[in-house]
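First the structure, in the form of structure tokens, and then the observations on it.
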Amino acid sequence: MKTSLLALVLGAVVLSGCTGYRQPPEAIHESLLQPYTFETSDQVRVTVFGQPELSNIYTIDQTGKMSFPLIGRIVAKGKTAEQVAQIIEQRLRNGFIREPDVSVEVAQYRPVFIMGEVRSAGQYNYIAGMTAQNAIATAGGFTPRANQLDVDITRQVNGEILQGRVPLTDPLKPGDTLYIRERLF
């Protein structure tokens with residue numbers, strides 16, 4: 001009796017260790033409520049009203065900066081669209097345009113990455129409002145061996161890399177990496 005009880009307890013401990021469940025840090029979900037800030041490889045549409053030669057799409061490079069005509073390179077990484085518009089207006093006002101009116105928005109978000117038990121793992125364009133389930137569908141859906149209950153997510157929040165397991169209905173952010181695990185049975 002004691003041996004079978006001990007075996008049952010040990011079996012439960014071993015199986016619980018196999019799941020590798022990682023509760024996501026609260027910051028993963030809290031980051032969804034924060035205003036969007038630019039990161040490297042985002043493409044930014046800048047419109048300077050009345051100045052069509054300055055209005056264009058600009059890419060944020062690996063250093064977190066973007067080059068803008070007349071004013072040079074500006075730091076865009078970690079800033080919101082409104083903050084970048086204010087920086088451009090301020091610099092244009094310094095000797096280039098009397099009263100600049102600038103609008104900044106995301107032209108194309110950085111991609112999401114999908115790995116593991118999907119038919120076509122890889123890098124995919126992020127679409128606003130995308131969930132883990134939408135991303136998996138974009139990657140061709142689950143393989144027959146996939147765990148279809150939840151996914152592991154890796155997200156950068158305030159320069160820190162966070163990981164955790166989330167339901168398929170969780171929203172994604174640009175730059176997220178999803179890993180779809182193989183099911184045990």
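Key figures for this structure:
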| item | result |
| --- | --- |
| Residue selected from the range 19-57 under the condition under 17 Å from the mean Cα position of the chain (by Cα) and among the acidic types (D, E), by the criterion surrounded by the most Cβ atoms within 10 Å (Cβ to Cβ) | D42 |
| The one condition in (1) at negative phi; (2) touching a residue at least 60 places away in the same chain (Cβ under 8 Å) that V151 fails to fulfil | (2) |
| The range 57-110: number of residues that are out of contact with any helix residue (DSSP H, G or I) (no Cβ under 9 Å at 6 or more places or on another chain) and at positive phi | 3 |
| Residues satisfying the stated conditions in the range 55-97, i.e. touching a Ser or Thr at 6+ places or on another chain (Cβ under 8 Å) and either among the acidic types (D, E) or in a helix (DSSP H, G or I) (or both) | D61, A85 |
| Filter result for G122 (of a type outside the set (K, R), in contact with a Phe, Trp or Tyr (Cβ under 8 Å, 6 or more places away or on another chain) and loosely packed, with under 14 Cβ neighbours inside 10 Å) | yes |
| Residues of the range 35-51 that turn out to be under 24 Å from V112 (Cβ atoms) and not in a strand (DSSP E or B), as a count | 8 |
| Some residue of the range 134-156 being at pLDDT 95 or above, outside any loop (DSSP other than H, G, I, E, B), loosely packed, with under 14 Cβ neighbours inside 10 Å and polar (S, T, N, Q) | no |
| Condition broken by I60, with the remaining ones in (1) closer than 22 Å to V157 by Cβ; (2) crowded, with 20+ Cβ neighbours inside 10 Å; (3) touching a residue at least 40 places away in the same chain (Cβ under 8 Å) satisfied | (3) |
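The values are calculated or read from the model by the stated rules, or taken from the named source; none is laboratory data. A quick note: this is a predicted structure, and the numbers were derived from the prediction, not measured. Methodologically, a virtual Cβ is constructed for each residue, glycine included, from the backbone with ideal geometry; neighbour enumeration extends over all protein chains shown.
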